[in-house]
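**Q** Could you have a look at this structure, given as structure tokens, before my questions?
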Amino acid sequence: MQGKFRFIAGTVIFCILFTGYRMLFGKGSVFASQENCLVEASQDQGEAAWQDSEGNWQTGSLTEAVASVSSKGTVVLLSDVSLTSGITISKPVVITSNEADQPCTIKNEEPDTDDRKDRGRIFTVTSGELQLQNIILDGGRDAGVTAFHPLVCVNGNDAYLRMLEGAVLQNAENASQGTGGGGINIRKGKGSLHDGSLIQNCKARHGGHYGQVQFILYGGCIKDCEAENGGGVYVNIGIFQMGGGEITGNRAMKADTEERRMGGGAIYVAGGSSPPAMAVVGILGG
């Protein structure tokens, strides 16, 4: 009897261990890892992984991931992504790449047209905080793609874009005459760059159009961008603070077909003559 009990107990323990092994390492599984990557997915993985409300990892498209991830959750990119339409962010979320030494790219591939409709935006932040880390947002300028919006638009009273280590916005060409910003356009809300983040090789009518907002450069770099006004940063009505980081190699460049005054290769300040229509700039470091 005792031997039979030991056999049954051993069988149960084996089944539990085997089931746990299959759940962690079997086909279709996604599990947390602290060594090489954040998650490890099976061969039929999607573009991104995220955790559901019960803490289980799911895989699917980037659009699905952003829609399904819980508030203050993390979306982990498993591969490069091509977009022909933008994604709206309306809750606090972190978007990053699976492997620290291999950042994934989200690339705008929507072709240029003559109808001048809004296109080319990758993210629109309407509420909550979007944190970008170890990820590249590419506008396709090097491939001849001209858009009619910046890569990221921040447009909400409590909307916030935070660019962290390894976050890169690049190769954006915004052809709109009214919408500012090749990399970032802040209409309402707040944005910040931190150490290890980068905005590069972007082109726009205005280098970054901020209205009644706050933009802070804690660190990072804005380089090799161009615009008619404010190749690096364009401040309309709002606050720009620079406590660190670098703005370098940017230039003000007039359009060939228009006679315009140009200003501010690095920073261009507009704004009104008195509050609240005032632009405030404070450079404390960097």
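**Q** Per-residue accessible area for K91 at 1.4 Å probe radius, Å² rounded to 10?
**A** About 50 Å², ignoring ligands and nucleic acids.
**Q** Could you work out how far apart the two model spin labels at D52 and S85 are, taking each label as a point 7 Å from the Cα in the direction of the beta carbon, and quote it in nm?
**A** Reported label-point gap for D52 and S85 is 2.5 nm.
**Q** Shifting gears a bit: Please label the shape of the stretch 150-225 as rounded, prolate or oblate, based on the square roots a ≥ b ≥ c of the eigenvalues of the alpha-carbon gyration tensor (a/c under 1.5 means rounded; beyond that, a/b larger than b/c means prolate, else oblate).
**A** In terms of gyration-tensor shape, oblate.
**Q** Could I ask something else about it? Rounded if a/c is under 1.5, else prolate if a/b is larger than b/c, else oblate: which is the stretch 81-240, with a ≥ b ≥ c the root eigenvalues of its Cα gyration tensor? Provide the component values of the computation, followed by the final result.
**A** Numbers: a/c = 1.30, a/b = 1.06, b/c = 1.23.
Cα axes put the stretch 81-240 in the rounded bin.
**Q** What residues qualify as long-range amide H neighbours of A175, i.e. H under 5 Å apart, gap of 5 or more or another chain, H built at 1.01 Å from N?
**A** Under 5 Å from the amide H of A175: A147, F148, H149.
The values are calculated or read from the model by the stated rules, or taken from the named source; none is laboratory data. Being a predicted model, the structure only gives us computed values, none of them experimental. Heads up, the Cβs are rebuilt from the backbone with ideal geometry, glycines too, and the neighbour counts pull from every protein chain shown. Surface accessibility is based on the protein's heavy atoms, side chains included, excluding ligands, DNA and RNA. Shrake-Rupley method; radii C 1.70, N 1.55, O 1.52, S 1.80 Å.
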